[in-house]
Amino acid sequence: MRMAEEHGMDLSLVPGTGFGGRVSKRDIERYLESLRSGQAPPTQAYGTQAAPQRAAPAVVSAPASTVTPSVFRAPVYQPREGDTVEPFSRRRKLIAEHMVYSKTHSPHVGTVAEVDVTRLAALREAHKDAFRKREGFALTLLPFAAMATVRALKEFPRINASVAGDSLVIRREINLGIAMDAEEGLVVPVIRGADTFTVIGLAREIERLHAKLQKRSITADDLTGGSFTLSNPGREGNLYGFAIINQPQVGILRMGEVKKRPAVIEINGTEAIALRSMMYLALSYDHRVIDGVLGNRFLYRTARILEAAEFEL
């Protein structure tokens, strides 16, 4: 909008290549370049058949400094016989737009911690049968990871924040988003006031939101207001990976699968090799407002809370 105002442009004349035909900065630059070069302004989006253009005037000996680089145009694949074309659903369009926005606005930095969850796995194993009998659903590692995240966020409140223009807003409430897979794509229901729950309370909230998602009764209110996000993409083939930040938050934590591996531990002052349950935690954070020292301290603290496994059930 600012560029259009500066150049006195009518945006209705600029073909948009964004979702729903939205006009981007690149679209305006392409339109202005066509006017400067003497070519007919573009009338269609990238990848479609262009309108006839008259040839630009030849440049005999233009200085190198005046040569404008051409705008990249991504090739568009044309479906062939046997291909299956699945148009984006409305939710998938929104997810795609949100992910692209996050990656272009937040400089993502990723850091990984190795976590020994042997004690935590033993704690879960000791209580899982009684928990299922009492609650009616399985006890997983997710509510423990949620509790560890909440405790670490209380110690490092700058991670529980949102970017607003040129300011960082440190959130008073810890509203933890839990990324969940749905039929039409990823959604992130929010546990409001997550720091007021016990591990069992968090497990119940996660199960309640998951049930609403399965019944397709999730509401917009369930999906808004998050201040930090925890993602658990599943156990199979998920060593570790970096998730995209859920705007306008400044960080997202992603759990990896638990694998048994030999590790060096200390027993009575002596080092020994033992079989341990290990997991990777990967943190993506916004480098505009979070520096490496803070991001690493938050991740380290979350990992140590999980390793200590000092949770009440």
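The values are calculated or read from the model by the stated rules, or taken from the named source; none is laboratory data. Keep in mind that this is a model prediction, so the values were computed, not measured. Reconstructed Cβ throughout: ideal geometry from the backbone, glycine too, with neighbour counts over all protein chains shown. For the accessible areas, the whole protein counts, side chains as well, though only heavy atoms, and no ligand, DNA or RNA atoms are used. Shrake-Rupley method; radii C 1.70, N 1.55, O 1.52, S 1.80 Å.
With respect to the stated conditions, Arg172 fails to be among the basic types (Lys, Arg) and in contact (Cβ under 8 Å) with a residue 60 or more places away in the chain.
Can we say Thr270 is at pLDDT below 95 and either within 17 Å of Leu153 (Cα to Cα) or open to solvent by 20 Å² or more (accessible area, probe 1.4 Å) (or both)? The answer is yes for Thr270. Residues that are outside any helix (DSSP H, G or I) and not polar (S, T, N, Q) within the range 76-93 comprise Val76, Tyr77, Pro79, Arg80, Glu81, Gly82, Asp83, Val85, Glu86, Pro87, Phe88, listed in sequence order. Counting the residues of the range 161-203 that are out of contact with any helix residue (DSSP H, G or I) (no Cβ under 7 Å at 6 or more places or on another chain) and under 14 Å from Phe144 (Cβ atoms) gives 3.
If the condition is being touching a residue at least 12 places away in the same chain (Cβ under 8 Å) and within 30 Å of Arg134 (Cα to Cα), then the range 282-313 contributes Thr302, Ala303, Ile305, Leu306, Glu307, Ala308, Ala309, Phe311, Glu312, Leu313. The condition (being free of Cβ contacts under 8 Å to residues at least 40 places away in the same chain and of a type in the set (A, V, I, L, M)) is satisfied by just one residue among Leu230, Leu213, Leu239: Leu213.
No other residue among Ala55, Ala62, Ala50 is at pLDDT below 75, of a type in the set (A, V, I, L, M, F, W, C), open to solvent by 80 Å² or more (accessible area, probe 1.4 Å) and more than 30 Å from Leu168 (Cα to Cα) apart from Ala55.
Selection over the range 244-260 of residues that are in contact with a Lys or Arg (Cβ under 8 Å, 6 or more places away or on another chain) and of a type in the set (Lys, Arg) gives a count of 1. Counting only strands (runs of 3 or more DSSP E) that fall entirely inside the range 94-170 and contain at least 1 residues that are charged (D, E, K, R), open to solvent by 60 Å² or more (accessible area, probe 1.4 Å) and at pLDDT 95 or above, the qualifying elements are 108-116.
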